[in-house]
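Remarks on the structure that follows.
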Amino acid sequence: MTSTTEDPFVPIEQPRMVVRVITVIGIALSLFQLYTAGVQPLGLFFQRPIHLGFVLVLCFLIYPAFGRHRARGVTGWIIDAVLIVMSIAAGAWVPLNIDIIANQIFPRTIDIVMGVVTIIVVLEAARRAVGLGMTLIGSFFLVYAFAGNRGELPFLADWMPGILNHRGYSLDRLASQMTLGAEGIFGIPLGVAATFVFIFVLFGAFLEVTGAGKFFIDLAYAAAGKQRGGPAKAAVIASAGMGSISGSAIANVVTTGAFTIPLMKKLGYRPAQAGGIEAAASTGGQIMPPLMGAGAFLMSEFTRIPYVDIVLISIFPAVLYFGTVYLLVHIAAVKQGMTGLAAEDLPDTRKVLAEGWHFLLPLVALVALLVAGYSPMRVGFYAILSIITAASARALWSFATSGPTLEGFVALCKRGLALTLEALDLGARNAVAVSVACAVAGIIVGVVGLTGLGLKFSAMMIAFSGGNIVLALILVLLASLVLGMGLPVTAAYIVLIILVGPALTEQFGIPLLIAHLVVFWYSQDSNVTPPVALAGFAGAAIAGSKPMETSVQAWKYAKGLYLIPLFMVFNEEIILGGPMPMVLWSGAIAILGLMAFAAVLEGFLWRPMAIWMRVLLVPGVVALFWPDLAVEAAGFALVVVLLGLNWLQARRERDLPGGPPWAQDG
């Protein structure tokens, strides 16, 4: 039945038949992906188009033409039926005609028509699943390809500055570039989405339906709940564990925030503060190995650096980020005189581990297989098998020790099958948005390669920054913020690295991997930076606070997102390795610098910090980031002295009758 409500914020319930069709197609897509990941790999011109065809059909079934808050109606069904047929054709055309396409010099008219059809359905799918911003950006790049003296829109050439001008391309040339090769829609972004990303999204879905999410949250509460600001610290720990698996900061906020935000409010955090802490912690999940959302896979493809190397390199920066959020949370708790939760209100660590230890086995298997050198896609396949095996073994053990009966065994088998099908369906649904975004990113990549826009953009970036690397990084940060308002993190990273990557590596001399890490980190900022802080808005919805106020709090707690990439650029040895003393020195000053920055930001560390002390700490923090050993050493000495004075003052006040005066005043 279809709901009669017209609430613009509540999706209309789909007819039962449509839900069943979506489930069947989702399960079929997941089974196809599992088959190609672990049994019989396919060539890229089979894997990518078939994956895209499945995803497009799912998209047009899940997201009706006029929005999920309105009934589809006859007109909507006619539109969606046409688009579904076009999607099936777009997914099947290249695999069915690969021999003809590969052996012809010029594309046939029918190939051009199918190319246009594919572009249309991809852009419309992006409008529905990702947002209008993604479609407009993809369309802008297509128009740019036509806007030249020999293109379909030559009159636009007069409107483009000289550096952005180009020869222009015909519809035939552009359509063939987009769909008949590996440099457009079926390029690297969709290739990564159709292989590595999907299989790990499916892995996350299996973890979710088997109860791993609750296990990680309970474990975080058991570990940190008794400390000051316990729920907020548990949010940081739980988000670190869940964020890497979920692949989405917003999904992470919704998953862990449903538990953590109400408890933070109960303990004394303001609603906006609670929502902001959860948003900042959830955003960090995207940079936490081993999965890092989809970023690590894309980075590996773009840089040709093994995936496991990127994961290992990313551990310390991710720990720095979460350490900074954790410290800011602790300072806020001490300033507000908070205590932890009572022991009786917390889960028991032993009981949590006893009930959910098997959820750790797939993660151990995942890391072990990566280190052993298996491909990420095969690792994901085996990780899924391991969680199915672990969950099944756990269920069978519970069944065997609780008085087994035939009826109970049948019920257990039915439940296991139902959970497996639910995970297969959920994994496919969760992958729709990222796959569609990667398909549009392929359009952007194709146009940039065709027109040479990347080199032109790099020249503009150098001109605007005047050759100053700090100004160049600020420009990248601003560009990521603007792009992030309309694009998901993965798409924003792809677009940015294509446009600014050449300038960062060739003109400014930043090593390739560090350039990619910086752009990837900065691509996260739209989740926590006003005016469009998507994770902050999700946190505000749960906390019942104002979205903008919550976003400001998220921005405050996520400051490591901006500082740590700077540290990577000016202290390369912390990422690329080097003499062990220098690596240890860089790690120490990174920790100290972020601690001092948190103290400056909050005006508090072990006790309230005097204004003069905060003012002096600022140049000390800057010196710690300065790419000169003598300056770093001077900054280190200054910061250590100032923080040491703060600690000594706090220690003296602790012994006063009645405790510290500032605590009594508060």
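The values are calculated or read from the model by the stated rules, or taken from the named source; none is laboratory data. Everything quoted here is computed from the prediction, not taken from an experiment. Don't worry about glycine lacking a Cβ; one is built from the backbone with ideal geometry, like all the others, and counts go over all protein chains shown. All accessible areas refer to the heavy atoms of the entire protein, side chains included, with ligands and DNA or RNA removed. Shrake-Rupley method; radii C 1.70, N 1.55, O 1.52, S 1.80 Å.
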- Query: By how many nm would the segment from Val367 to Ala459 grow when fully extended, if each residue of separation counts as 0.36 nm and the alpha-carbon distance is taken off?
  - Reply: 29.0 nm
- Item | Cα convex hull of the chain - mean projected area over all directions, nm² | 33.8 nm²
- Task: Report the accessible area of Val82, computed with a 1.4 Å probe over the heavy atoms of all protein chains in place, in Å² rounded to the nearest 10.
- Result: 80 Å²
- Item | Relative contact order, percent, the chain [alpha-carbon distance under 8 Å, six or more residues apart] | 16 percent
- Positive minus negative residues near Ile185 (Lys, Arg vs Asp, Glu; Cβ under 14 Å): -2
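Which percent of the accessible heavy-atom area of segment 17-152 goes to carbon and sulfur, probe 1.4 angstrom?
72 percent
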- Item | FRET efficiency, 1/(1 + (r/R0)^6) with R0 22 Å, evaluated for Tyr562 and Ala610 via beta carbons | 0.25
- Query: Tell me, what ³J(HN,Hα) does each residue in segment 374-391 have, in order and in whole Hz, if you take phi through Karplus 6.51 cos²θ - 1.76 cosθ + 1.60 with θ = phi - 60° and put x for Gly and Pro?
  - Reply: 5, 5, x, 5, 5, 4, x, 4, 5, 5, 5, 4, 5, 6, 5, 5, 5, 5
- Across 5 Å bins beginning at 0, the whole-percent shares of Cα-Cα pair distances in segment 423-572 come to 2, 10, 16, 19, 18, 15, 11, 6, 3, 1, 0
- Estimated inter-spin distance, Ile105 and Ala258, nm [label 7 Å along Cα→Cβ]: 6.1 nm
- Treating the Cα atoms of segment 546-631 as identical point scatterers in vacuum, please give the log10 of the normalised Debye intensity I(q)/I(0) at q = 0.26 Å⁻¹, two decimals. -1.25
- Round to a whole angstrom and tell me the spacing of the C-alpha centers of segment 272-345 and segment 586-612. 19 Å
- Show the residues, 5+ positions off or on another chain, whose built amide H is closer than 5 Å to the amide H of Phe604. Met609
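Would you mind giving the average projected area, over all directions, of the Cα convex hull of segment 486-610 in nm² with one decimal? Walk me through the intermediate numbers first.
On the way: hull surface 40.4 nm².
Seen from a random direction, the Cα hull of segment 486-610 projects 10.1 nm² on average.
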- Message: Students often get this wrong, so check it: of Lys351/Lys556; Lys351/Lys559; Lys351/Lys546; Lys226/Lys556; Lys456/Lys559, which have C-alpha atoms separated by over 27 Å?
- Response: Lys351/Lys556; Lys351/Lys559; Lys351/Lys546; Lys456/Lys559
- For segment 16-25, in residue order, the Karplus 3J(HN,Hα) values (coefficients 6.51, -1.76, 1.60; θ = phi - 60°; whole Hz; Gly and Pro = x) are 4, 5, 5, 4, 5, 5, 4, 4, 4, 5
- Query: R0 = 56 Å: FRET efficiency of Leu471 with Arg20, Cβ-based, nearest 0.05?
  - Reply: 0.50
- Calc'd 3J(HN,Hα), segment 583-591, phi into Karplus 6.51 cos²θ - 1.76 cosθ + 1.60 (θ = phi - 60°), Hz, glycine/Pro = x, comes to 5, 5, 4, 5, x, 5, 6, 5, 4
- For Ile305 and Val640, FRET efficiency with R0 = 30 Å and r from the beta-carbon atoms, rounded to 0.05? 0.25
- Can you give me the Cα centroid spacing of segment 157-208 and segment 431-500 in angstrom? 13 Å
- To the nearest 20 debye, what charge dipole does the chain have about its Cα centre, counting +1 at the Cβ of each Lys and Arg and -1 at the Cβ of each Asp and Glu? 800 debye
- Message: If I model a spin label at Glu573 and Gln507 as a point 7 Å from the Cα along the Cα→Cβ vector, what separation in nanometres do I get?
- Response: 3.0 nm
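Express the accessible area of the chain per residue in Å², computed with a 1.4 Å probe while the remaining protein chains stay in the model.
With all protein chains present, the chain gives 42 Å² per residue.
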